[in-house]
1. Once the piece of chain linking A544 and V331 is laid out straight, how much longer is it, given 0.36 nm per residue of separation minus the C-alpha distance between them?
2. Using unit Cβ charges (K, R positive; D, E negative) and no other charged atoms, how large, in debye to the nearest 20, is the dipole of the range 523-563 about its Cα centre?
3. Per residue of the range 449-456, in order, report the coupling 6.51 cos²θ - 1.76 cosθ + 1.60 (Karplus, θ = phi - 60°) as ³J(HN,Hα) in whole Hz, putting x for Gly and Pro.
4. Tell me, what is the FRET efficiency for I226 and A390 to the nearest 0.05, using R0 = 35 angstrom and their Cβ-Cβ distance as r?
5. Mind putting a number on the dipole of the range 79-204 about its Cα centre? Charges go on the C-beta only, +1 for Lys and Arg and -1 for Asp and Glu, and I need it in Debye to the nearest 20.
6. What whole number of Å gives the distance from the Cα centroid of the range 509-553 to the Cα centroid of the range 328-405?
7. Only Cα pairs under 8 Å and at least 6 apart count here; give the relative contact order of the range 410-472 as a rounded whole percent.
8. Can you list the residues, at least 5 places off or on another chain, whose amide H is less than 5 Å from the amide H of A486, using H built in the peptide plane?
Amino acid sequence: MTDTLVEPAEPQVGWPPVDRRRVPWGAGPAVLAPAALFAWHAAQYGRWEVDDAAITFSYARSVAIGAGPVLQPGLPPVEGFSDPAWLALLVVGRRLGLFDHGTWFGVPDYVAYPKVLALVLVTGMFGCFYAAASAVSRRPAVVTVLAGAVCAAIPSFVIWCVSGLENSLFALAVVAIATVMVRAHARGRLASWGPALACGLLAALAALTRPEGAIYAAAYPLAVLIMLRWPRCVRSLVAVAVSVVAFLVPYGAYLAWRWSTFHAWLPTTAVAKSQGLPTAAGFAKVSDLVAYGGWLAVLLGVLVVGAAAARSSSVRHAVVLVLVPLGLALVAYGVLRPDWMTQYRFATPVWALGALVVGLAAVEVVGGLRWRGRAVLAVVLAGAAVISGAQWIAQAAVFRAEPVAPMCLIVVNSGREFNGYVDILGLKNPTLFAPEIGGDALTGTSLLTDGAGLAEPTIAKLWAAKDWAGVRDYVLDDVRPSFLKAHGQFRTQMAFDTDPRFVRDYVLIGETPNKGGNWVRRDLVRDPATMARLQDWARQALAADAAQRATPLASCGDRLTPGATRA
């Protein structure tokens, strides 16, 4: 029964020691090589960051200056972020003077700090690749370079890791869970307190980095169940209990803080997105990832993983252990509602774990082939790489030409534009209702009401119910903002233009791109001359908007702070 998937009684049983003489190069070069490729690929997207990241940036500023977990000082506490662990890293950066203070050698630190932090975290993830491979493979450097290069070549992985969002931290946490399990099993210690505690804490980190990260609390229990030795079942159950408690203590503490601070069990972002129960259509989204990765490449990956799992070798167990969190990643991706943003934002753990398991399996399978088999497999792999690579090059080019929701575009056409309107009208306590709020929260002088509900509890509940009439009632009767901004599908969906109250109370300042418009309350415009000044500023703002759209990968100033304008 030496082929059964059980934890070895001793490290040597089923887990032959690695012959280091056969390793051509060490951990440093093996980790730094794909990290350099990742950095080069990331540079192709310039200084672009997504506007959703600016929401967390704004919360980090508020926390760092002592205003608390608020979108802007002056607003009530609302959990309009879904990545508290990433938020904590941004707060640390700001307090150390590395973020939201100025520039790094001419690069704004709101660009440099998140992107360099992402590079560090991704490099750490590649280090986990090496740590896992070195426990079971005679060629850990080859596994690391191969798996790391695949990750660094996938636009979806790179784009979202350097978007300003939490993807890089999330990928590191999830891959670290797989690494701990592989190394612990290689030493005959999977059902021990140390690995159990580490996996539970890493699962808590994942859950505090992305809401769906809580699913990885199941990774260690599932792995122990798969590798269970019945004579040691009591020890295994104790280890599972340790892992669960290690997860629940920090995660439960955060839930308690959430309730005491926001009086809610879910973040406002989750309420607004109205995440429902799993559906067959939701899981069908997984096929989109197969098409994105390339059907031939994915098929070959499945074949080599299957071939490696069929072998009686140390890698077999490692492959099975990595497949556990990979399966959970696919389940999480299938459960999540479709994301309107491009490039599969929620698939980051799938790419990382998939690259690792295929790298482990491919090196193992190739090592067991004769030279003719290796030649044939090399030709097929090269063909798959060309097909997938060509598709990824095209995907990257499309994204560079039109990146999704650039933060700096919102800075220009919401924050700075409406600051000009405020200056012209001389308002003391202006308010703004808008569908994008990240860049505006960093630079705007108006207190924001989030039209998408991510940072506004009442609107979040109305979004969950798809009650657009309720949104209009709340905004026009209760909020009564000084300014209102709408465009595209949001304008059509909310239908403010057709509401008699809106027509009565608001006047259009000017049309904007994407069939949009900016409005101001009629009672704030004193005379026709003031309206003319607003419209003149709107024309200047429209030109600034066009300039920013023409350079979507550019930044928008050395520092983003609310302030005066030329209006």
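The values are calculated or read from the model by the stated rules, or taken from the named source; none is laboratory data. Keep in mind that this is a model prediction, so the values were computed, not measured. So basically every Cβ, Gly included, is an ideal-geometry build from the backbone, and we count neighbours across all protein chains shown. Ligands, DNA and RNA are excluded from the accessible area calculation, which covers all protein heavy atoms including side chains. Shrake-Rupley method; radii C 1.70, N 1.55, O 1.52, S 1.80 Å.
1. Contour length minus the Cα-Cα distance gives 72.3 nm.
2. I would put it at about 80 debye.
3. Using θ = phi - 60°, the values come out as 10, 7, x, 8, x, 5, 10, 9 Hz.
4. Rounded to the nearest 0.05, the efficiency is 0.40.
5. Value, rounded to 20: 660 debye.
6. Here the answer is 44 Å between Cα centres.
7. Once normalised by length, the contact order is 29 percent.
8. G517
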